[in-house]
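Take a look at the structure below.
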Amino acid sequence: MRVSSYNEYLLLNDSDEESYLIYNSLSNGFGEIHKGLYNALIQKDMDYLEHCAEKEQLLQGQFLYVGPIKELDQMEEQFKIVRHQNETLNLTILPTFSCNFRCSYCFENLTSKSGKRAFSQKIQNEILTYIEKSVEELHFKRIIVNWTGGEPLLEFKNITSLMERINFIANKNKISIDHFMVSNGYLLTSDRAKKLKELGVKRIQITIDGSKKSHDQRRILANKEGTFDKIIENINKSCEFIHITIRTNVDLDNIHFMNEYIEYMGRQLFKDKVSIYFSATTEYSAGGCVSNSSCYANKDFSKVIIKLYECALEKGLNISYYPQYEPVACAAIAANSMVIQPDGGIQKCWNTVGNKNYLIGHISENFSIEQLNSNKWIDYSPYKFEKCRGCNVLPLCGGGCAQQAFESEEKQPVCREFKYNLEEMLAFNFRHQ
Ligand code: SF4
Ligand code: SF4
């Protein structure tokens, strides 16, 4: 029996009845323990632990574990299994590079010279052929399609027709199909929400950049008009029919508007029907945050985010800030996962869309599974880096964003916020359990 390397302890009460919060980032379980047990775990007093009354609970929560295989080796094994999964075909489809917004930080500037911006009928047919062929040959059990762009709702007719045809392939092969969408929300009507729901869209993510004042300075139409009111109206009407997640972009330029934004959202009747999360704004064309911009570095954001969630909970918003063990950080580094540009170009990562240096092929019958599943993304592993192998939050971070690592000067993983705010995050969850 061993003590897990992924236990975290937090002093809860320093009176005579000293108690500690214990959390395990592999099992994500947490509970309260007394001082005697805390000391035994810290000192790895196996004699005490073998005979303590809490032994079974500690084993269940993976605070203790048995077995000859070390946790790190088990995790690495799990990472390989999940990364090389062959049950799900995970597609991200960009029906268009075009957008009705002109956001300053968008990858629009990278893609503006990409020729025809919406996908042609030919590309749509090639996508279908590819799906059909790979489902038949590789016997997937599930298809996931993420629709993004550009703004996918600009191509509403084309995407709904393509969804119908993808659903037909899934039904014919008796496999499950789930659609998700990322949209700016401006063109989302209640009728469209209903239709998308009928076609199997499980969730739409809509981005808001803080209060009306800050959002309308940045997420603007081509004629520079603001978009906040229209998006709120659309969310209000559509959330009856489809689950909406609101991603709130946060950076040094709009942080001062966040209290106003949270208060505003707290007054909306739809607040119980949507979920909201906060995310650091990233500059897509820079492959993530750059120090001389208004983006937060992960370390600084780790402090800000807890205050935002605290405030959001106070106003009754539907939030969750309880990280989970993710064996593989994102689909870009997993097999059988691809991002299809409107011109048919294939990428592995959402952030590299429009960047020719990262293209791994083109959607066509000739695009092979080897091209998809043997490239630098599939070689990337946090387990190759000593700093990740020895990291207490590896189960939560998974080595972070591969794209940030590729673009970083040191070519090393860039630590995610949990590295810097684990204790505060635990205290937050304990306060609000
Ligand atoms: S590599 Fe990074 S940017 Fe690309 S999809 Fe994964 S998390 Fe997102
Ligand atoms: S990137 Fe940083 S936080 Fe993430 S696992 Fe590696 S060392 Fe830990």
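The values are calculated or read from the model by the stated rules, or taken from the named source; none is laboratory data. Here the structure is a predicted model, which is why all the values come from computation and not from measurement. Virtual Cβ from ideal backbone geometry, glycine too; neighbours counted across all protein chains shown.
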Could you say whether any residue in the stretch 347-356 is closer than 13 Å to residue 425 by Cβ, out of contact with any Phe, Trp or Tyr (no Cβ under 6 Å at 6 or more places or on another chain), among the basic types (Lys, Arg) and not in a loop (DSSP other than H, G, I, E, B)? no
From the set of residues in the stretch 254-273 that are surrounded by 16 or more Cβ atoms within 10 Å (Cβ to Cβ) and of a type in the set (A, V, I, L, M, F, W, C), which is farthest from residue 310 (Cα to Cα)? 270
Mind checking whether some residue in the stretch 92-110 is surrounded by fewer than 15 Cβ atoms within 10 Å (Cβ to Cβ) and at pLDDT 95 or above? no
Looking only at the stretch 352-365, decide whether some residue is within 30 Å of residue 29 (Cα to Cα) and either away from ligand 2 (no atom under 14 Å from the Cβ) or surrounded by fewer than 19 Cβ atoms within 10 Å (Cβ to Cβ) (or both). no
Residue hits (the stretch 338-363; away from ligand 1 (no atom under 16 Å from the Cβ) and on the phi > 0 side of the Ramachandran plot) are 344, 361
Take the residues of the stretch 406-422 that are assigned to a helix (DSSP H, G or I) and near ligand 2 (Cβ under 8 Å from one of its atoms): which is modelled with the highest pLDDT? 419
Does the stretch 64-76 hold any residues that are out of contact with any helix residue (DSSP H, G or I) (no Cβ under 7 Å at 6 or more places or on another chain) and surrounded by 13 or more Cβ atoms within 10 Å (Cβ to Cβ), and which are they? 71, 74
Between a first residue in the stretch 272-291 that is under 17 Å from residue 332 (Cβ atoms) and a second residue that is of a type in the set (Phe, Trp, Tyr) and at pLDDT 90 or above, which pairs have beta carbons less than 8 Å apart while being 6 or more apart in sequence or on different chains? 287/406
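Okay, residues lined up against (1) touching a Ser or Thr at 6+ places or on another chain (Cβ under 6 Å); (2) away from ligand 1 (no atom under 14 Å from the Cβ):
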| site | (1), (2) |
| --- | --- |
| 398 | no, no |
| 407 | no, no |
| 417 | yes, no |
| 426 | no, yes |
| 430 | no, yes |
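Matching residues to (1) at pLDDT 95 or above; (2) assigned to a helix (DSSP H, G or I):
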| site | (1), (2) |
| --- | --- |
| 128 | yes, yes |
| 134 | no, yes |
| 146 | yes, no |
| 158 | yes, yes |
| 162 | yes, yes |
| 165 | yes, yes |
| 181 | yes, no |
| 193 | yes, yes |
Count of the stretch 381-393 residues which are part of a loop (DSSP other than H, G, I, E, B) and touching a Phe, Trp or Tyr at 6+ places or on another chain (Cβ under 8 Å): 3
Check the stretch 257-269 and report whether any residue there is under 30 Å from residue 199 (Cβ atoms), among the small types (Gly, Ala, Ser) and either part of a loop (DSSP other than H, G, I, E, B) or at pLDDT 95 or above (or both). no
Test for residue 323: is it outside any helix (DSSP H, G or I), under 18 Å from the mean Cα position of the chain (by Cα), in contact (Cβ under 8 Å) with a residue 12 or more places away in the chain and buried (at least 16 other Cβ atoms within 10 Å of the Cβ): yes
Residue by residue through the stretch 270-308, note down the ones that are hydroxyl-bearing (Ser, Thr, Tyr) and at pLDDT below 95. 279, 281, 282, 284, 285, 291, 293, 294, 296, 302
